[in-house]
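The values are calculated or read from the model by the stated rules, or taken from the named source; none is laboratory data. The model shown is predicted, which means the values in this text are computed figures rather than measured ones. Every residue, glycine as well, gets a Cβ built from its backbone with ideal geometry; the counts of neighbours run over all protein chains shown.
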Amino acid sequence: MNLPNKITVSRIFMIPIFMILMLAPLNWGELAIGDESIPYTHLLAALIFIIASITDWVDGYYARKLNLVTNLGKFLDPLADKLLVSAALIALVELQLAPAWIVIVIISREFAVTGLRLVLAGEGEVVAANMLGKIKTWAQIIAVSALLLHNLPFELIGFPFATIALWVAMIFTIYSGWDYFYKNRQAFVNSK
């Protein structure tokens, strides 16, 4: 396994640590911000999420720079992104920090595109993430990070950055999903 793929796998292994910090009943204290308090475990989970998200850029950078782009990497990278973002979104719903219906829309798109990738893989075609998919991923990462941080530092001035970011992420998610299906519609026209 090459270096970029190892970095991608490390992102997958960070997910259980992130989930434990977000959802396990750990009482490590809280940070008081105005009228709100944020558990230190949520801040640590947010840091792990952000580090894991940065590995998405790092693995892609090294794959291209060292000419180590592989079919395994094309498969694992979007899978790791989907697992990380989906786990975070589900945790946010559990903690009532994100509306369930938006999370359902986002995760449904991820399942649909993954299904499309499987159909195309059955025809011998591996589809790497396109630029719109990468923008979608980063919009999701920014929104999730803001939600994990309980909208800090914007909460201090009353600006709903996390909510706006989540809506932007949902719009990019829907649009990029439509784009994938539109560009690969021949997979359904040519199917038997």
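Before moving on, here are some points about what is shown:
- Positions within segment 13-50 being over 23 Å from GLY158 (Cα atoms) and among the small types (Gly, Ala, Ser), in sequence order: ALA24, GLY29, ALA45
- Residue satisfying all of: in segment 164-192; surrounded by fewer than 17 Cβ atoms within 10 Å (Cβ to Cβ) and among the β-branched types (Val, Ile, Thr); nearest to ALA32 (Cα to Cα) among these: ILE164
- Restricting attention to segment 1-22, the residues being over 16 Å from LEU47 (Cβ atoms) and more than 15 Å from the chain's Cα centre (by Cα) number 7.
- Some residue of segment 112-119 being more than 13 Å from the chain's Cα centre (by Cα), of a type in the set (Lys, Arg) and part of a loop (DSSP other than H, G, I, E, B): no
- Residue count for segment 103-142, restricted to those that are exposed (fewer than 15 other Cβ atoms within 10 Å of the Cβ) and in contact with a Leu (Cβ under 8 Å, 6 or more places away or on another chain): 2.
- Residues of segment 143-156 that are surrounded by 17 or more Cβ atoms within 10 Å (Cβ to Cβ), more than 11 Å from the chain's Cα centre (by Cα) and either over 18 Å from HIS42 (Cα atoms) or not charged (D, E, K, R) (or both): ALA146, LEU147, LEU148, LEU149, HIS150, ASN151, LEU152, PHE154.
- Which listed residue, of ALA98, ALA146, ALA80, is touching a helix residue (DSSP H, G or I) at 6+ places or on another chain (Cβ under 9 Å), outside any loop (DSSP other than H, G, I, E, B), at pLDDT 95 or above and aliphatic (A, V, I, L, M): ALA146
- Qualifying residue in segment 154-176 (condition: assigned to a helix (DSSP H, G or I), under 25 Å from ASN5 (Cβ atoms) and not charged (D, E, K, R)): yes
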